[in-house]
Amino acid sequence: MHRFLPLGTVATAAVVALAISFTPAQPIERYTSVTPPRDVLLACQPVGAGTLLADGDGELTVDGAEQRGAPFSLPGTDRLTTLRGIAPSGGVLTDDRTWAPCQRPATSGFLALPAAADAEVRITNPDNTDASIDLTLLGPDGEVTGLGARGIVLSPGESRPVAVSVIAGDVQGPLGVAWQASRGRAVVAGITTGGVTHVAPSGAADMSHVLPGVAKGSRPSLVLVNPGVDRATVSVRFHSPTNTIIPEGGQEISVPPRSAASVDLSAGTAGDPGAFTVQSDLPVAAALYSGAGERRGVAVAAVPDVELTGAVPGGATVQLTNVGEGPADATVRLGGSPQSLRIEPGTTATLPAGDGEPVHVEVGSNQPLVGAAVLGEAIVALAPGSVAEPQPVEAELVPSLR
Amino acid sequence: MSEPDEGHRFKDLWAWADEEGEEQHVPPVDPAFVTAVMVVRDAGGWLDQQLAALDDLDPRPARIVAVDAGSEDDSPRILAEALASGSIDELVTVGRDTTFAESVLAGSGDSTPPWLWILHDDSAPEPDALGHLLAAAPSADVLFPKLLAPRRRNYPDVIAEAGQSISRTGQRVGAAEEGEIDQHQIEPSAILGGSTAGMLVRGDAWRELGGLAPELPGSRDGVDFGWRANVAGWRVVTTPLAALVHRSSGRTQERPSRVHPHYDDRLAALRVVGARGTGGARLALSSWARALGFLLAKSPAYAAAELRAHRRYAATPEATRALAARIPEGDASYAEDLLPERFWAVRNALDRIGSGIMDRYRDFTEPDTTLDDLTSDEFSAHSSTQRRLVSPGALLATVFLVVGIAAAWRLWGAGTLVGGGLLPAPDGVTAAWEAYGADGAPWLGIAAVLGTAALGQPLIVSYALVLLGPLLAALAAHSLLRSVGVAPWPSSIAAAAWASSVLVLGLPAAGDVSGLVLAMAGPLLVKACLAVATDDSIGAESLRAPARAAFWLFVVAAFWPFALLLATAGAAAVVVWQRARFAQWAVPVVAVWLLFAPWLPELFRNPGRWLTGADPLAWPDLPPSGYALLVGRIVESGIPVWLSVSFTVGLALAAAWSLTRVPSPAARWAVAGVIAVGLVAGAGASRLAVTVDGDQTRALVTAWALVVVGGMIAAVVLAHPADGRARRDPALLAVAAVAAVAAGAWPFVGLQGPVRTDPANLPGYVYDVVGSPRASRALLIAKADGRLEWNIVDRERPRWGSGERAPAGEFGTDFEGLVQAFSGGNVPEDLAERLRTLAVSHVWLDGFGDDEILAIGNAAGLTHSAASETAEVFTVVGLVSRANVVDGGTATPVADGIVPEGVDDRVLTVSAPRDAELEVRVGGTELAPAAEAGELPTYALGEAHGVLEFGEPREAFAGWWTAVLLAALALLAAPTMATGSGARRGDEEVA
């Protein structure tokens, strides 16, 4: 029997080991969970002296030095000004009511300009390193080649106008500009030569755009740019105060490849305020030009959100368009006490912003909205107000990754 | 009827061999012409035996003259009694300071006899010795008999000498190999000289040459005499049939002497060759080299005697000149032909090394000779071919070599071997040594040595470890088992099971470097420890086995430090409980503690490191197995479940069956204890999360698994029948079967784990920048299944050793923040600046969507380009360098590793944590920290300019300390210089 005692000991040890193996192992703290930074830089390049209207979540850093609580306004802004903070938005409103929206510096983008004949592109390098920009011009009949469109070098902080009307030569009609930074990044806007009648910010090519800011009584038109090599078919819907319609001229718009097209939609809106939705079968860039006279407001794609915010000029009219599926019960605060508003799906509501400099607009809703404040021809788009808390992703250090 | 005729026919053919030659008819010299002269000094301990041998002589010389050279012991009395009894015919007494040559001269009398036979007091002639000499004497003038070493019980006669020659630097060159067994195989031949013990000299020659040279202090005088005789034209030969048993009491220091015996021998040798033209410088170089050799052989007394002899030789040139004057006129070319060829010493040393290697190879490939082999008439009938074909050791090696090579197909491809716990090998030897210098972990030093030996390609070591690790483990286990007397076949089967366990545990497939090394070095450590336990030698020889044990313990502990704690406890237990010799058990443990001394602060700073293996932080976080641990599924290795289960269960059943049959209760309990401790400790260790340098990892469980497997195999081996036949042992057969299954499956399923040949993700230009003097870093982030994997690549990582500390380096926390920033797609505006601060020049992103890439691309100061279909490389605009010169608030990266000239208020910043201890040199001048510390380590640069060097202070002490200690261990482990006494005296046969 004693010969089996050692074996019994081993068996007992095996059972003990088995029992131990069922106990939970101590976890290894290998994964990191750090909140990502959320600050964003906006570069505000005015086209003349004006008032900078800025909004954001909390404090914004102006020109990398001065911190100000949002919203705020900076009268007399006549040079490049940067805003850094969480969800910043804003622009510079000149005395003649030309709105130059602040833009996030980028490495590429599109401009959709209404007329090649007087088109000018203003490129600004807001960073501390050199930037080099290449422009590709897309006219109604395809890509336009010309000297001076490529390798435009900007030193840190430099802003340079480029007369694309000269490069485009005798191109008639709208002009699309696709720009790409081969080094650094830039803020690019489209203006007009001579007296500036509008400031068109850069946008992205996408298959869907919501363009808010059609002022009452204005004559809206769309400029569409197809950067692809296939013909794009675009349809447009208009969100009026009462319903959504397909405006005249807004159906089955065919945009040739590598081309720009302009669509006059004034006949279809009947002077109603509202917003357009642009749907395309291929990515296109789109810009809304709205205005009754020579001076025009410009809007590019807005991001629908259940919260909207912005610092808008006093006296403006705020437009809110419900792009959701159901009725939107919105709470709107225009600098003062909140007011409730119901917006049917696909319709646009308007309300006066009141007085102030600036007026701080805060909108909350149960449906996604887009919005803009219209003052004369100026279209001041409202920014998405939802500041998403970044969700830390599980990240593991893998030493063999190389 | 034809057979007898056939036999007669062959007998006739060989009849000539039986015919006696004409020279056989030459009559031998009459012993009446021989006078024997025996010089005696302090020979009381063995003189009786010597006189008895003389009494037994047949034939006996006409006269035996004993010359007492001033003996101070019982020798005079014994000689007087011998004279009285007739054992000797005459007793001559001379002074104690009389040389051997003068003593012989005194004994030979005024008139030289026709034949003079010189005897030492410790050279007992065989009864027929003189007869054989006299038989050969008619055709020779100087005859040297064969000298045998003192006889030992149950041992054959060993030839001590059968004539000798001398190298040009004085090294003794025997006609017979040292230690050669006497089988009467030595043929008579011409010879340069030999020992004077038993030398028979024709009287005419003796007179003409003037006898022995008194300039030689009792050694090499026979060589000198023979050399002179050869030159003079006398015929000098060996007579191997004549034998004397030479006690060599002077060399073995049985005869008391004021000087070391080697002193006289070496001095004589120097004078012999010096008198014949060997230059002083050559002899000096030779003496110093030999002294070094004696030191390495742990004989400082010999080394000192060697140098003293040379000093004496150099100080007494007149003696050498006098000896040279004795050389007669004549043809020296004949004697020159009897000298060894040039570089004989080198060739002889190489022969010995080669012979040793071949002996070991034969020991490995050929089964032990059995009693049947020795006694059976069929011994010679067993063809050697058959023995080689079935050699278990060779079969074992072949199988695992083939298996290793066959498994390599999964690793075919460009790139480096990486995965699991295996980090990429350094790019070259320099990087391997830098890795050791940077961290100081002993295993990195071992890896650097291996990388250097592998043609300077550390990558070869990685491949060899993964592919040939099982083979080396098998050979190590086989060596252990054979050393403890396990028969070849059971040993090979058990070794195969051990190697198969390495495969089944998934050590190569998982990149378990420590497990692989333990599998290879563990059996050798056990073997060395068993040698310590069984070694009963004394003196320096007794430290050889402990030194070997220390070396293997060092190797094992370097890859699993906990082994040192276990060994220390085990050694203490053996010393205390078994009253074993303290020194023998203390040496291995103390030596390794000393070797670990430079690394101990690190170990005590990170206690968890004791429980882990090499590069502990290289392992990904794998949740430990539950009950699957018991079937050997410890690490993620891709080994199929069926293989793990079949091997483990098969081995466990065989071990259980065997455990009850182990004959020795102590062995039974010991094996059971090993298995039980391994099981419980391994299961416990698997639950632990240990902290190393701030990061967490798992304890090394595979070490305990190997302990369990070793215990199970030990049970099978110990229970194996003593007759060594495998077919009678079902347990052994079962083990062989599971081992065969595992080995057979290995090429197909073995390397499906994380270890793979992996090309680098980063484009070449990124590596060029990272490896340039800018020494920038690259951040890699891969996104898959909502998770991120990331790492930092710079010139120091990833490579062997970067898993010893936080793999992301000192900026680990900052990098974590960066990784999260990239993950959100909303990169911070100061991203480039942060990257620049951390000296990150490139960011590699894989698996990110287009939107995320666009968003990141919008960050300031970054450009990007595609690195592959799924990956993008972002480059920080401008030159990013780890070192920057700050001049008036403007930072200029040091792009080419050279700091330009500048004003005196400049500072230099290095991208490292503020508290980093760096050594920064510019133009060879070490920079002091700047008065105003910044966010990064800042140094006062001033006007200094030139080549920039920076990094953690390299501590060379650890490397040198380890090298010196290992050299000392090698010295202890090397064979000890035998004196010829001591060990054999106890076994000496009583005459």
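The values are calculated or read from the model by the stated rules, or taken from the named source; none is laboratory data. This structure is a prediction, so every number in the text was calculated from the model and none was measured. Note that each Cβ is placed from the backbone with ideal geometry, even for glycine, and that neighbours are counted across all protein chains shown. For the accessible areas, the whole protein counts, side chains as well, though only heavy atoms, and no ligand, DNA or RNA atoms are used. Shrake-Rupley method; radii C 1.70, N 1.55, O 1.52, S 1.80 Å.
Annotations for the structure displayed:
- Residues of region B:637-668 that turn out to be away from every other protein chain (no Cβ under 13 Å) and more than 34 Å from the chain's Cα centre (by Cα), as a count: 11
- Of the criteria (1) away from chain B (no Cβ under 14 Å); (2) under 26 Å from residue A:357 (Cα atoms); (3) in a strand (DSSP E or B), which one residue A:136 fails: (2)
- All positions within region B:79-124 that are free of Cβ contacts under 8 Å to residues at least 12 places away in the same chain and of a type in the set (Gly, Ala, Ser): B:80, B:84, B:85, B:86, B:111
- Residue list for region B:154-188, filter: under 20 Å from residue B:135 (Cβ atoms) and open to solvent by 50 Å² or more (accessible area, probe 1.4 Å): B:175, B:184, B:185, B:187, B:188
- Residue satisfying all of: in region B:618-676; in a helix (DSSP H, G or I) and closer than 19 Å to residue B:514 by Cα; most open to solvent (accessible area, probe 1.4 Å) among these: B:629
- Of all the criteria given as (1) over 30 Å from residue A:173 (Cα atoms); (2) touching a Pro at 6+ places or on another chain (Cβ under 7 Å); (3) away from chain B (no Cβ under 14 Å), the one not satisfied by residue A:89 is (2).
- The residues of region B:290-333 that are open to solvent by less than 60 Å² (accessible area, probe 1.4 Å), of a type in the set (A, V, I, L, M, F, W, C) and assigned to a helix (DSSP H, G or I), listed by number, are B:291, B:294, B:301, B:303, B:304, B:305, B:307, B:309, B:319, B:322, B:323, B:324.
- Residue in region B:80-98 that is under 48 Å from the mean Cα position of the chain (by Cα), closer than 17 Å to residue B:197 by Cβ and in a loop (DSSP other than H, G, I, E, B) present: no
- Residue B:775 being under 18 Å from residue B:418 (Cα atoms) and not charged (D, E, K, R): no
- Per the listing B:47, B:133, the residue uniquely in the same structural domain as residue B:190 (by TED's automatic domain parsing), farther than 30 Å from residue B:177 by Cβ, buried (at least 20 other Cβ atoms within 10 Å of the Cβ) and within 47 Å of the chain's Cα centre (by Cα) is B:47.
- Selection from region B:764-794 of residues that are within 12 Å of chain A (Cβ to nearest Cβ) and assigned to a loop (DSSP other than H, G, I, E, B): B:785, B:786
- Of the residues making up region A:264-276, just one is open to solvent by 10 Å² or more (accessible area, probe 1.4 Å) and in a strand (DSSP E or B), namely A:264.
- Here region A:286-326 is the region considered, the condition is being among the hydroxyl-bearing types (Ser, Thr, Tyr) and open to solvent by 20 Å² or more (accessible area, probe 1.4 Å), and the residue that is farthest from residue A:384 (Cα to Cα) is A:317.
- Hits in region B:883-909 (condition: out of contact with any Gly (no Cβ under 9 Å at 6 or more places or on another chain) and open to solvent by less than 20 Å² (accessible area, probe 1.4 Å)): B:894, B:897, B:908
- Every pair of residues 6+ apart whose Cβ atoms lie under 6 Å, when the first sits in region A:80-102 and is closer than 19 Å to residue A:70 by Cα and touching a residue at least 24 places away in the same chain (Cβ under 8 Å) while the second is part of a strand (DSSP E or B) and aromatic (Phe, Trp, Tyr): A:91/A:99; A:93/A:99
- Residues of region A:359-389 satisfying the condition of being open to solvent by less than 30 Å² (accessible area, probe 1.4 Å) and of a type outside the set (Gly, Ala, Ser): A:359, A:361, A:363, A:369, A:370, A:374, A:375, A:379, A:380, A:382
- Subset of region B:407-466 [touching a strand residue (DSSP E or B) at 6+ places or on another chain (Cβ under 6 Å), open to solvent by less than 30 Å² (accessible area, probe 1.4 Å) and part of a loop (DSSP other than H, G, I, E, B)]: B:424
- Scan region B:678-720 for residues that are within 21 Å of residue B:420 (Cβ to Cβ), more than 12 Å from chain A (Cβ to nearest Cβ) and open to solvent by less than 30 Å² (accessible area, probe 1.4 Å) and the total you get is 5.
- Which listed residue, of A:90, A:56, A:50, is more than 21 Å from the chain's Cα centre (by Cα), open to solvent by less than 30 Å² (accessible area, probe 1.4 Å) and not assigned by TED's automatic domain parsing to the domain that holds residue A:177: A:50
- Only residues that are at the interface with chain B (Cβ under 7 Å from one of its Cβ atoms), surrounded by fewer than 19 Cβ atoms within 10 Å (Cβ to Cβ) and not β-branched (Val, Ile, Thr) were counted across region A:1-13, and they come to 2.
- Flag if residue B:671 is more than 8 Å from chain A (Cβ to nearest Cβ), among the β-branched types (Val, Ile, Thr) and out of contact with any His (no Cβ under 6 Å at 6 or more places or on another chain): no
- Annotation note: Cβ proximity below 9 Å between a residue of region B:340-355 that is closer than 21 Å to residue B:193 by Cβ and a residue that is assigned to a helix (DSSP H, G or I) and open to solvent by less than 80 Å² (accessible area, probe 1.4 Å) (sequence gap 6+ or interchain) occurs for B:340/B:348; B:345/B:286.
- Every residue from region B:497-512 that is touching a helix residue (DSSP H, G or I) at 6+ places or on another chain (Cβ under 7 Å), open to solvent by less than 20 Å² (accessible area, probe 1.4 Å) and hydrophobic (A, V, I, L, M, F, W, C): B:497, B:499, B:502, B:503, B:504, B:505, B:507
- Among the residues of region B:746-761, the one identified as of a type in the set (A, V, I, L, M, F, W, C), open to solvent by 10 Å² or more (accessible area, probe 1.4 Å) and facing chain A (nearest Cβ under 10 Å) is B:760.
- Scope region B:836-866; condition open to solvent by 40 Å² or more (accessible area, probe 1.4 Å) and among the hydrophobic types (A, V, I, L, M, F, W, C); matching residues: B:854, B:866
- In region A:277-311, the residues that are within 23 Å of residue A:366 (Cβ to Cβ) and either touching a Pro at 6+ places or on another chain (Cβ under 7 Å) or of a type in the set (D, E, K, R) (or both): A:302, A:303, A:304, A:305, A:306, A:307, A:308
- Residue pairs meeting the criteria (Cβ under 6 Å; at least 6 apart or on separate chains; first among the β-branched types (Val, Ile, Thr), in region B:177-190; second crowded, with 16+ Cβ neighbours inside 10 Å and assigned to a loop (DSSP other than H, G, I, E, B)): B:186/B:162; B:186/B:176
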